[in-house]
Ligand code: FES
């Protein structure tokens, strides 16, 4: 891809910009249900509950639908790469069937909402594909097609796609959906307000006391009393069941370029090869569509993000020659150790606190599914497939063993290893403009950033979540924590949780 001089950020944020922010609560408030987090899981939950006549408030630290949901690839599909063969082996055919049913129902549910509210959100039906170029993966794809079909999806193994390059094979599921996630969610939020729900932006929840009622404290000085509390902050900001041991954060890059309608693939594609690559298109006007290519996933805090962007652009250029890159952004997902989201009670003893997290890269169908499930659970009703997602499910060596141990080893390495002074620790003068490094100043590890004008600013390098050491992502100008994915601006302000406090300022 050729680069345009001014490359823009998330296409979804650009084409559905936020209006004026909703102010924080004017004073202490009391509601039936407080939903913490205004992404797709939080807003879907709040909307479902408001429709049931419940009094609901959404508390969003920043702007609604502007975090991970505003940076997704926006595929609403029940085909999640190779999940069904995995589920068939780890949770049995019934587990795979319940997963397929719950995800397919979420898509149909969203279609009903779009119809009912008349939401203009570029809703398009498209086939979803998991493909591979290398014949090495053909057997895996055949197994996935077989498992997905057995789970109830109209899945088939094919060797022809509308990609402009040959594939060795693919799993195809017809009638999935791609859409504009922010247009959908902003309409949901508007309808929620119309029905009496409240949305508060710029209101970070920093404390939770469980009880009857539960009490939330916020960084704007007001408290919220609520009979029920839903934590839908992507990575949970309150974690009383050690969920952080079962979640690993992953960043992923996105590049986009206009492509002529007659060259644009109509399907939605993902491959497990090549550090994952996914392809879809969106309406762009003037006989064009926007080609959106995703991939290059990595643990937050990686030093080589710019090279990763270059690799992803080069891959897109190789497969779709002659395009000019117009947008690029990054998103973040949390993978659960058994590849199934965690949706249900916040901890084993919890009676009024709920959580939704661990959607992997499939937060749109997952978020809508979570909204339906949490509405039922909060209302005291059971759902046939709810147990599949219950965060209290017991880990088994078969389904979580390897990834659980890998994640713990990774966290331990950063928690302990990053504190040990290294022979190659940089000095302040080694930090180039537009970059940052962790430097020991008077025995303390400081995260020091040098701006383009050469000015230095320093903050504590210890993440305020659980104390791992952050590292600098120069492509996105952010301090990132490799343990659970908190992200901070160069001045220490929070960009993304689970941290709820900024990095402390340091004098250097
Ligand atoms: Fe958990 Fe940083 S996000 S220690």
Footprinting proxy, 40, 231: sorted fewest to most Cβ within 10 Å, the residues are 231, 40
Check: C-alpha center the range 157-208 vs C-alpha center the range 280-301, spacing in Å is 14 Å
Simple spin-label estimate for residue 275/residue 351, 7 Å along Cα→Cβ, in nm, reads 5.0 nm
Given a Förster distance of 25 Å, the FRET efficiency implied by the Cβ-Cβ spacing of residue 318 and residue 175, rounded to the nearest 0.05, works out to 0.25
For residue 491, placing the label point 7 angstrom along Cα-to-beta-carbon and taking the range 216-234, residues whose amide nitrogen sits under 20 Å are 219-221
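Per-residue counts of other Cβ atoms within 10 Å, averaged by peptide: what ranking do you get for 426-432, 384-390, 86-92, highest first?
86-92, 384-390, 426-432
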Here the gain from full extension of residue 451 to residue 379, 0.36 nm per residue of separation minus their alpha-carbon distance, amounts to 20.8 nm
Checked the chain against the a/c 1.5 cut and the a/b vs b/c comparison, axes a ≥ b ≥ c from its Cα gyration tensor; verdict rounded
Per the rule of 0.36 nm per residue minus the C-alpha distance, extending residue 260 to residue 6 adds in nm 89.4 nm
Rounded to one decimal in nm, the spacing of the 7 Å Cα→Cβ label points at residue 166 and residue 139 is 2.2 nm
So for R0 = 45 Å, FRET eff. of residue 117-residue 240 from the Cβ-Cβ r, to 0.05, ends up at 0.80
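Coordinate-derived values only; no laboratory data. The shown structure was predicted, so the numbers you read here are calculated from the model rather than taken from an experiment. No Cβ is skipped: glycine too gets one built from the backbone with ideal geometry, and neighbour counts run over all protein chains shown.
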